[in-house]
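The values are calculated or read from the model by the stated rules, or taken from the named source; none is laboratory data. This is a predicted model, so every value here is computed, not measured. Using ideal geometry, Cβ is built from the backbone for each residue, glycine included, and neighbour counts are taken over all protein chains shown. Note: areas computed on protein heavy atoms with side chains; ligands, DNA, RNA excluded. Shrake-Rupley method; radii C 1.70, N 1.55, O 1.52, S 1.80 Å.
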Amino acid sequence: MSFYDQIFENNKKWLASKKVNNKQFFAKLAEGQSPDFLYIGCSDSRVTAEELMGAEAGQVFVHRNIANVVSTIDLSAMSVIEYAVTHLKVKHIVVCGHYHCGGVKAAMVPQDLGLLNPWIRNIRDVYRLHKESLDSITDEEQRYQRLVELNVEEQAFNVLKTAAVQKSVLATGFPKIHGWVFDVGTGELLDQHIDFSKKLNNMKEVYNLAE
Ligand code: CO
């Protein structure tokens, strides 16, 4: 059986398993969603958002793109953040990057990627911002890993800089912003423990954020 056909067999088994302990599982889901989490991660097939978090249907609002980029001119990402913060009132927003990220790797090499150029440039900009510290790492693998971490940090700042998040944080203290890295090679999820409140104060005069 091809994987394509198997998918529908898998689906039947999955929905049956959900109903074993809770007959109303899907009826309940149909009533609506109120997730506490917005997860912004990479599209990479190895980084399975809900599965790696052990999350159930209804618990996590998800946005994925190449190399977990949060760009203010990306209508899709901005709409997801706006909806998650203003309507779903999520308590946490996570930007989750991952080691062995092809998008981040692509940004480390000078090459023409066609339509992908402007997208990958978001990550090249992260490299430029941290060029000095990155260039001081002689081991290429370690430099690559560090760029993954710094990309998470910068994209998380981009989340923090959005008007929706600013207004909500000032009014309620939420959402909390987190930066995570998933290690594809070990399966481990690593909290980067970034002190966003401190960095936010330093950014105020630059980005003219709401008082
Ligand atoms: Co990736």
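Computed values, structure above
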quantity	calculated
Residue-normalised accessible area of region 33-105, given per residue in Å² at a 1.4 Å probe	44
Relative contact order (percent, whole number), region 58-200, Cα cutoff 8 Å, 6+ residue spacing	33
Principal axis dimensions, largest first and in whole angstrom, of region 123-203 by Cα	44, 30, 18
Pairs from 161/204; 131/176; 176/198; 105/131; 105/161 whose Cα-Cα separation, in the structure shown, is over 18 Å	131/176; 105/161
Rounded accessible area per residue of region 132-187, 1.4 Å, Å²	45
Distance between region 90-132 and region 16-49 - C-alpha centres, whole angstrom	28
Percent accessible area from carbon and sulfur atoms, region 1-41, protein chains only, probe 1.4 Å	56
Order of exposure, largest accessible area first, which applies to 4, 83 with probe 1.4 Å	4, 83
Beta bridge orientation in the chain: antiparallel %, DSSP, nearest 5	15
Under 26 Å from residue 28, Cα to Cα: lysines that are on another chain or at least 8 residues apart	12, 13, 18, 19, 89, 91
Ratio of the Cα radius of gyration of the chain to 2.2 N^0.38 Å, where N counts its residues	1.12
Solvent-accessible area, 1.4 Å probe, carbon plus sulfur percent, for region 102-160	51
Taking region 142-211 and dividing mean pair separation by its residue count, relative contact order in percent (alpha carbons under 8 Å, at least six apart)	30
Distance (nanometres) between label positions extended 7 Å along Cα→Cβ at residue 22 and residue 91	1.7
Region 85-148, relative contact order [Cα under 8 Å, separation at least 6], %	40
Scaled radius of gyration (Cα, divided by 2.2 N^0.38 Å) that region 47-104 gives	1.19
Cα gyration tensor, region 92-160 - rounded (a/c under 1.5), prolate or oblate	oblate
Accessible surface ranking that places the most exposed of 26, 8, 61 first, with a 1.4 angstrom probe	8, 26, 61
Ellipticity estimate at 222 nm from DSSP helix runs (n ≥ 4, -39,500 (n - 2.57)) divided over the chain, nearest 500	-15000 deg cm²/dmol
